[in-house]
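The structure under discussion appears below in the form of structure tokens.
Only the coordinates and a few stated rules stand behind these numbers; no lab work does. For clarity, every value in this text was computed on a predicted model and none was experimentally measured. Because the Cβ atoms are built from the backbone with ideal geometry, glycine has one as well, and the counts that use them run over all protein chains shown.
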Amino acid sequence: MEMIQSLTPVYAVLVSLSAIIPIYLSRNNPNLREFWTILAAIVKFIIVLSLIPPLLKGQTVGINLFEILPGISFGFRVDSLGLIFALMASFLWILTSFYSIGYMRSLKEHNQTRYFVCFAGSLSATIGAAFAANLFTMYIFYEALTLFTYPLIAHEETDEAFRGARIYLIYLLGTSIAFLLPAIIGTYLAAGSLEFVNGGLLAATASKGLSSTFLVVLFALFILGIAKAAIMPLHSWLPNAMVAPTPVSALLHAVAVVKMGVFVVLRVVLYVFGIDLMSALGIGTFLAYFASFTILLASIIALRQDNIKARLAYSTISQLSYIVVGVSLLSLSGVKGSILHIVVHAFSKITLFFWAGAMAVGTHKKYVSQLSGIAKKMPVSMAIFTVGALSLIGLPPFSGFLSKWYLLKGSLEAGLVPIAFVFMISSFLNACYFLPIIYIAYFGKISPEDEKDSHIKEAPKMMLVPMCITATMVILIFFFPGIVTSLIDLALNGIF
Amino acid sequence: MIDFFTTHAPVLTIVVFIFGALLAPVFGRINNSLSYYCALITTALSFVLSVYLLFSVYNNAPLEYLLGGWKPPYGIEYRVDILNSFILSVVSFVSFLSVIYGYGSIKSEIYEKRHPAFYSVYLLFIGGMMGILITNDIFNMYVFLEITSLAGYALIAMGRTRYSYMASFNYLILGSVGATFFLIGIGYLYMQTGTLNLTDLAQRLQGHFDTNVVLVAIAFIVVGLMLKMAVFPLHFWLPDAYTYSPSVISAAMAGTSTKVAAYLLIRLMYTIFGIQAGFSGINFSGIIIVIASITILAGSIIAISQTDLKKMLAFSSIGQIGYILIGTAMVNKYAFAGGLLHILNHAMMKTALFMVAGGFFYKFTSTKINDLKGMGRQMPFASAMFLILSLSMVGIPLTVGFISKWYIILGAAQSGYWIVVPVILLSSLLTAIYFGRVVHNLFFKDSEASNTGILHAKIPYSMVSSTAVLVFLCIFFGVFAYMPVEISLKAAENIIGAMPWK
């Protein structure tokens, strides 16, 4: 494939990183400060968009910035898998920026400058990982994201927030140093390079007579090391991180951080090990069953959560494992469904988190049991919630249906009927934890105090509009799946 | 003129210090600040000379310089190869930056009248270390070791707290024990071979490794040097010495003194004792790796429980010495290069960290971790530097900490010492914990009313700039690691290739 030397991916990473300076300097003028955030978000999205045409022409845009040690370089390469991730994250950053402004100002949060600075930094890290050309570069951005999001989680500066942030840091930094780094070193020892290769970096060197035990251990280290994918038993940082302000939970814990986790899993499976090596070793099937366990268990735990954000968090854990299971099926439809689900889940879940934030701002309610009859007062928000929830349950005409369709098809293609059952049971469980919310909000009786309370009203427009846009996207993707699937097909061309 | 400098460069690197140490008090008589410039010029000169030596031995063969023209077994020989000229450059660079740093901090920490004496002793302290590095004569090594140690005791005692005297006394006792052990070892070796020149010793010791005399000599030398290096559990002098000495001395010592002792051990292990299979079935390499592993973990674990920043850094230094030992003990090119790189990297990181700690002390006269709450607001630049250095200590890629750990792990995997890998990773985690605690206090806690006792409003530029240079280098050499990596790889090749039993 043709390789174009270009600094465009570097600019995409640097836009938000350099926006930190004007954001910090204009800390005494909130309107100007937010202007910089929005500007950076839009510029970033445009830069990422500009990377689509060369990709469609079959060219690869990339650059090797510098070689740190022999075989280890710091470089970027844009392929369609990374582009899907980057497009999604940078688009949702624009919406989340508007939403954040509404949210932070309504609640009169402290230290908003630090918040926006860290948000910009997190986005740089996310895009950096999306465009990383090798494991080393990806590892740097993986760690950078952890560090940038720490202040966001600790934002409230209460004991609970610090506790959540500490658990977050210990889980993510701990596993990445203890497992992911040795896995990367092992890969380097085996292959002498860390570049992502179509069809698998290790597959190319497998003929050298690497023992299969070594490869299996290596894979286990990778999976344990990528705690951002929240596969059980390394999931409990996610519910604890929910102490963060809701826009953070929305963008970072439904899109950027957790999606980076599954994205790295995809990279490892498809570009480091490769489909053939995975199936030869039989670890794909093992991972599929291992992650199915997370799908079911997390859904069951979600049933019991009364706190809205905790329920969404466990739902996220469950949905992330859909993606992991999808790719570990190693069949065409499975991988396709897995990548599609990254996008679909991002849009659906961010809608739900936006809704949770709107509830917090509009009603100061944090528990499902308090929502009785709330739809009368907040009809728009509840309608938006319904769209997101039904999409995650997997009903047409919402995009969640598409990805589940592919995932089911993929599990049958791979001949793993039990996995198909897991998907079906999990859909049922999803319905069990989402439908009650819809039911009590619409049909429950509103309590007399809430009825009279004139403070309970729809969230400000700054928040409602982004919510409407994401909800619309959830429906649009169902009718026009081509926007996403054409890129996915491009990504899978070199693999299957 | 230039000719004179180039031919006599090896001895000049030492002589400048002796002259500097003599001139500093003389100039101090005329004007106090002249002694500062004397120290500055001396260290700068020695840095230039060391770098010149490094380049010349990197491109050509090792240099041999005969003092007074006496041939080796009779006279003292200075021998410069890549290994010691690399460390020479590190030591002189760190000492040069420390002097710049001292311009601001010494004024507030040491009585005005003692400044000339301080600089004089400081130059002896550094000069002694340079002597250890450059000489090829084992008794000469002992002499320089005593010079640097005695100067060190005096420097620590110049700290302003009452504990400084205790710390100095403690170090005096233990340091003397260590030096005496080293001397006894030298005595036994002399008894066996009748020579003190290292090259000569290496040849004459062949075939005598099984004699008890040599075994005892080795035992004394290793234990003595490990005391000087502060290897766990012989580390008791170090935390107090680093904590209660003046900020400049903590910074300079952390970057140099234990590393020079480590160099001594490395040099003796490789050049005269066969580290791997030299004698009587003792797995020298394995023993040192086990000791180093314990040191790494113990240093990191004890560091977690410290309440004083400087003490925490001191325990962290103990752990980091383990990295240098573990890398060099594996007898593998990459691991050795990693250990050598860690001498440079740790010197930069830890010196800069002590400099930042000194900055906190300068402003608030306290280095208690609990007193550092909210410093991110009050001293944003210093706190940001601390954050970068912490990341480097943990070993995050794009910082120097990553480079040396990478090479040590690579070497461990190649030579089959798999046990080293979890030790290093675990200690990285522990490092993240104890630095995370401090960073948390700096950035996420509100300052308490108690630290309103601000001593100075502003930190002088001399302190900030010298620290900033080191922080910049921590990132620069983390990204563009080629130069130090190539130098240390070549040094590793040379030293491993020249081992006597091969």
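Relative to the longest principal axis of the Cα atoms of chain B, helix B:115-134 runs at roughly 30 degrees. Taking every residue in B:473-483 and counting other chain Cβ atoms within 10 Å of its Cβ, the average works out to 2.
Estimated translational diffusion coefficient (Stokes-Einstein, Kirkwood radius over Cα pairs, 25 °C, 0.890 mPa s) of segment A:212-278: 189 µm² per second. Of the peptides B:338-346, B:475-483, B:224-232, B:428-436, the ranking by mean beta-carbon count within 10 Å, highest at the top, reads B:338-346, B:224-232, B:428-436, B:475-483.
Think of the protein assembly as shown as having a plus end and a minus end, set by charges on the Cβ of Lys, Arg, Asp and Glu; of A:Leu277, A:Ile308, A:Ala86, A:Ile308 sits farthest toward the positive end of this dipole. Relative to the dominant Cα principal axis of chain B, helix B:461-479 is inclined by about 50°. Listed cross-link partners B:Lys310/B:Lys458; B:Lys259/B:Lys333; B:Lys107/B:Lys259; A:Lys228/A:Lys461; A:Lys228/A:Lys366 are compared with a 30 Å cut-off, the Cα-Cα value being larger for A:Lys228/A:Lys461. By the equivalent-ellipsoid construction on the alpha carbon gyration tensor, segment B:61-180 comes out with semi-axes of 31, 18, 11 Å, ordered largest to smallest. Per-residue shielding of B:424-433, expressed as the average number of other chain Cβ atoms within 10 Å of the residue Cβ, stands at 3.
Over segment B:264-399, Cα pairs under 8 Å with separation of 6+ residues give a relative contact order of 19 percent. Each Lys and Arg Cβ is given +1 and each Asp and Glu Cβ -1; about its Cα centre, the protein assembly as shown then shows a dipole of about 1620 debye. Peptide packing for A:308-321, A:425-438 was compared via the average number of neighbouring C-beta atoms within 10 Å per residue; ordered from the highest value, the list is A:308-321, A:425-438.
Averaged over the residues of peptide A:68-74, the number of Cβ atoms from other protein chains lying within 10 Å of each residue's Cβ is 4.
In percent, rounded to a whole number, the relative contact order of segment A:304-496 is 32, using alpha-carbon pairs under 8 Å and six or more apart.
If R0 is taken as 41 Å, the Cβ-Cβ distance between A:Ile446 and A:Leu395 corresponds to a FRET efficiency of 0.95.
For segment A:53-149, the relative contact order comes to 31 percent (Cα pairs under 8 Å, sequence separation of at least 6). Using the alpha carbons alone, the radius of gyration of segment A:113-254 stands to its Kirkwood radius in an Rg to Rh ratio of 1.04.
Using only the Cα atoms, work out Rg/Rh for chain A, with Rh taken as the Kirkwood radius, to two decimals.
0.96
Show me B:395-402, B:320-327, B:33-40, A:77-84 ranked by packing, highest mean number of other Cβ atoms within 10 Å first.
B:320-327, B:395-402, A:77-84, B:33-40
Got a sec? Charge dipole of the protein assembly as shown, +1 on Cβ for Lys and Arg, -1 for Asp and Glu; which of B:Leu234, B:Ser488, A:Gly102 is way out at the positive end? The one lying farthest along the dipole's positive direction is A:Gly102.
Tell me the mean residue ellipticity at 222 nm calculated for chain A from its helices only (DSSP H runs of n ≥ 4, each -39500 (n - 2.57), averaged over every residue, nearest 500).
Counting only the DSSP helices, I get -23000 deg cm²/dmol.
Just to be sure I understand: if I project the alpha-carbon convex hull of the protein assembly as shown onto a plane and average over all orientations, what area do I get in nm²?
41.8
Bridging of B:Lys490 to aspartates and glutamates at a Cα separation below 16 Å is possible for B:Asp81, once same-chain residues fewer than 8 apart are set aside. As a ratio to 2.2 N^0.38 Å, the alpha-carbon radius of gyration for segment A:1-59 is 1.43. Using the Cβ-Cβ distance between B:Tyr461 and B:Lys368 with R0 set to 30 Å, the FRET efficiency works out to roughly 0.70.
Listed by number, the DSSP H helices of chain A that run 18 Å or longer by alpha-carbon position along their axis and have mean Kyte hydropathy of at least 0.5 are A:8-25, A:30-49, A:80-106, A:112-131, A:135-153, A:212-225, A:283-303, A:308-328, A:332-363, A:379-393, A:417-443, A:461-479. Hey, with R₀ at 35 Å, roughly what FRET efficiency would B:Ile287 and B:Val143 work out to, going by the Cβ-Cβ distance, to 0.05? After rounding, the FRET efficiency stands at 0.80. Given in Å, the Rg to one decimal and the Dmax to the nearest whole number for the Cα atoms of chain B are 21.6, 69. The distance between label points at A:Tyr367 and A:Thr213 comes to 5.4 nm (points 7 Å beyond Cα on the Cα→Cβ vector).
Sorted largest first, the spans of the alpha carbon positions of segment A:137-183 along the three principal axes are 36, 17, 6 Å. The shape of segment B:186-335 can be summarised by an equivalent ellipsoid whose semi-axes, obtained from the alpha carbon gyration tensor, come to 31, 16, 12 Å from longest to shortest. The slack in the chain from B:Ile294 to B:Glu64, taken as 0.36 nm per residue of separation less the alpha-carbon distance, amounts to 79.0 nm. May I ask for the angle, rounded to the nearest 10°, between helix B:138-157 and the longest principal axis of chain B, with both axes built from Cα atoms and the value confined to 0 to 90°? Tilt of helix B:138-157: around 10 degrees.
With contributions of -39500 (n - 2.57) from each DSSP H run of at least four residues, the per-residue ellipticity at 222 nm computed over chain B stands at -26000 deg cm²/dmol.
Label-to-label distance, B:Glu112 versus A:Ala420, with points set 7 angstrom from Cα along the beta-carbon direction: 9.2 nm. When the alpha carbon coordinates of segment A:304-496 are projected onto the principal axes, the ranges are 60, 32, 22 Å, largest first.
Candidates B:Ala9, A:Leu210, A:Thr472 compared by Cα position along the dipole of the protein assembly as shown: farthest toward the positive end lies A:Thr472, with charges placed on Cβ.
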